[in-house]
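Following: one structure in structure tokens, then a few remarks.
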């Protein structure tokens, strides 16, 4: 008995099924792929999320918000955790050695969560307002490391109020038209006398007489 005589028990191993070996093999003609359709053609691959043509789930769900490509991430440290560590002065390098932070990322920021019972000197890129107040109240100092620009909130633009324009002063009375000279001929409008309203009313009230037609004259 040696290793070359070892065999798996009967029924444990099976022959791989061979397709496309003729009609008598049981997997001939269409080779288990069916007659027609995209899946019967070689090279078919289903797109991720494909649901048979209906609107897929990742397109049915609403999309909101956006990703800020200018976002900055800071290593956060609270004053309560600094109070529990031995030492009076801290900076990003020392906090990395102590294992309080794993990565500095875009800078170190100190927050005011927790109580600070002793005076410490700490260097960081950013401090919250509550952290600065607690550090100063305990008698410590906070030094800002330059290099990180804080997001400055822009003041809203001034509101423009439209003031009404002052009324224009009335123009001086136009000088009266000069009388026509003796030698100049008067216009036709000046020569013809103006008709009164009574004469115009009479004209409108008079009925128009019908002209005799040519047949009646003959």
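The values are calculated or read from the model by the stated rules, or taken from the named source; none is laboratory data. Remember, it's a predicted structure, so these values are computed and weren't measured experimentally. In this analysis, Cβ positions are derived from the backbone assuming ideal geometry, glycine residues included, and neighbour counts consider all displayed protein chains.
Looking at (1) more than 40 Å from the chain's Cα centre (by Cα); (2) more than 20 Å from residue 145 (Cβ to Cβ); (3) not in a loop (DSSP other than H, G, I, E, B), which is the one condition that is false for residue 97?
(2)
Pairs, please: C-beta under 6 Å, at least 6 apart or cross-chain, first residue at positive phi and in the range 13-41, second modelled with pLDDT of 90 or more and in a helix (DSSP H, G or I)?
34/40
Please verify whether residue 85 is over 39 Å from the mean Cα position of the chain (by Cα) and surrounded by 18 or more Cβ atoms within 10 Å (Cβ to Cβ), treating the condition exactly as stated.
Working: over 39 Å from the mean Cα position of the chain (by Cα): yes; surrounded by 18 or more Cβ atoms within 10 Å (Cβ to Cβ): no.
In short, no.
Could you pull out the residue among 161, 148 that is surrounded by 13 or more Cβ atoms within 10 Å (Cβ to Cβ) and at pLDDT below 90? Walk me through how you get there before you give the answer.
Working: 161 fails: surrounded by 13 or more Cβ atoms within 10 Å (Cβ to Cβ).
Criteria check complete, one pass: 148.
So which of 51, 115 ends up being under 34 Å from the mean Cα position of the chain (by Cα), assigned to a loop (DSSP other than H, G, I, E, B) and surrounded by 10 or more Cβ atoms within 10 Å (Cβ to Cβ)?
On the way: 115 fails: under 34 Å from the mean Cα position of the chain (by Cα).
Exactly one of 51, 115 is under 34 Å from the mean Cα position of the chain (by Cα), assigned to a loop (DSSP other than H, G, I, E, B) and surrounded by 10 or more Cβ atoms within 10 Å (Cβ to Cβ), namely 51.
Quick one: in the range 14-42, of everything that is over 55 Å from the mean Cα position of the chain (by Cα) and outside any loop (DSSP other than H, G, I, E, B), which residue is farthest from residue 52 (Cα to Cα)?
My answer is 24.
Out of everything in the range 54-82 that is touching a residue at least 24 places away in the same chain (Cβ under 8 Å) and under 23 Å from the mean Cα position of the chain (by Cα), what residue ends up being surrounded by the fewest Cβ atoms within 10 Å (Cβ to Cβ)? Walk me through how you get there before you give the answer.
Step one: list which residues in the range 54-82 are touching a residue at least 24 places away in the same chain (Cβ under 8 Å), which gives 72-82.
If we keep only those that are under 23 Å from the mean Cα position of the chain (by Cα) as well, we get 72-73.
On the way: 72: 14, 73: 10.
The selected residue is 73.
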